[in-house]
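The values are calculated or read from the model by the stated rules, or taken from the named source; none is laboratory data. For clarity, every value in this text was computed on a predicted model and none was experimentally measured. In this analysis, Cβ positions are derived from the backbone assuming ideal geometry, glycine residues included, and neighbour counts consider all displayed protein chains.
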Amino acid sequence: MIHRLSRQQLIVDAAIAVVALLGRSAMGYDSLVAFWVVLGMASALFMRRLSPAIALGLAWCTVAVQLASLSSPDIANAAILPVLYATAAYERRAVRWLGLVSVPIGAVIATAYVLFRAAGGLAGLAGLVLQVRTGEVFQYGGPALIVFVSAVALFGLSWVLGLLTATWRTARDGKAALRFSEADRAETLREVAVEQERTRIARDMHDVVAHSLAVVIAQADGGRYARAANPEAADEAFRTIAKTARVALADVRVLLGQLRSNDSAGPQPTLDDLDRLVEQLRAAGLMIDRTDTGSAAPLGPGQQLAIYRIVQESLTNVLRHGDAAATVMLGFTWLPTGVQLRIASGLRTGADAAASPRGHGLDGMRERAVLAGGTFTAGVAQDRFVVDLSLPTQFLRAAEVTGE
């Protein structure tokens, strides 16, 4: 299996193989076979991450040539260590287990070859075996055992380090996938919350818009009959107003009816209902200090509904997430151009920005403010959690002039 590597990784692996080849070449070669052994091991070193299976095959073929030619062990044989590491670190199960099997087999071959070279060939090895059979086991078997154990430890350590690397990488990728999943879930929940809030806004605004258009129809029809003595142009204008309003009412009912739930629609709260809301929350144990600055300006039903819902959600958040023992400052500042609302509540002991009463409710409040033509901000300011809402009265007047 060929792995996809970046250009930088390929360059690094190629540089390591070239340096190893040139470094060994500087020591010279006593035969052509020695050169091919070094070249084969350098190639395996280059291929170890690109394809550990091919690298392991190259290493075994190179060792086979080396054994067949009875060449001396070479420093280039050390390239088998990073190859074994790569089979465990970068390859799948089959090649990984081939690398593990290579550990004892390689140790046996290395031990036998070292003894073969030390005994001086086949004749020496036969004499060594004969001597071992006559009782000199510890003289020759001890060094063989040391060579074998050392080779197993060296080869096995390389393979185990590769396996640990693969395990660590799998755990890291798993944690990254979990973080991505949690972020995606949080984003999905936020979108669902916004969509649910849009649905609730549509349910609230349905009755407001329907009532307004019904009033327009009644006034237009009444005006048409009241102005019966005037020219026909007035009648035609009134008929156009009534027809347009009826079509708009039908369109709004069809559009918003698709977004409504099966819940029965109730009366929509206005600014006059705020006192009752504040008293209810005071009865629940919340201390609220309400102040009004300036002369109240007329607001449309939609804007009054937005203010009511934002105050309701903010005070409810104080009970759920904030310091209910601290006084909540509820302030209205009425200006010639609009109204500014500020709700400042206390944070729980030790709470900071990360533990502030944030939630999906803030997304809904922001959506209400935008649809009502205003702006909304919320966050921690010093030791208080502050909600600011600004609604312009020009938005209402412009809507009245254009007939929206």
**Fill in**
Note on residue 62: of the conditions (1) in contact with a Phe, Trp or Tyr (Cβ under 9 Å, 6 or more places away or on another chain); (2) farther than 24 Å from residue 1 by Cβ; (3) among the β-branched types (Val, Ile, Thr), unmet is (2)
**Message:** Can you report the number of residues in region 85-108 which are crowded, with 20+ Cβ neighbours inside 10 Å, under 17 Å from residue 58 (Cβ atoms) and more than 35 Å from the chain's Cα centre (by Cα)?
**Reply:** 3
**Prompt:** For region 229-336, which fully contained helices (runs of 4 or more DSSP H) count at least 1 residues that are surrounded by 11 or more Cβ atoms within 10 Å (Cβ to Cβ), more than 39 Å from the chain's Cα centre (by Cα) and modelled with pLDDT of 85 or more?
**Reply:** 274-283
**Request:** Sort out which residues of region 12-51 are of a type outside the set (D, E, K, R) and within 32 Å of the chain's Cα centre (by Cα), and write them in order of number.
**Result:** 12, 50, 51
**Request:** For residue 33, state whether it is surrounded by fewer than 20 Cβ atoms within 10 Å (Cβ to Cβ), over 16 Å from residue 86 (Cβ atoms), at pLDDT 90 or above and in the same structural domain as residue 81 (by TED's automatic domain parsing).
**Result:** no
**Subset of region 109-162 [modelled with pLDDT under 60 and within 55 Å of the chain's Cα centre (by Cα)]** = none
**Prompt:** Can we say residue 376 is of a type in the set (Phe, Trp, Tyr) and modelled with pLDDT of 90 or more?
**Reply:** yes
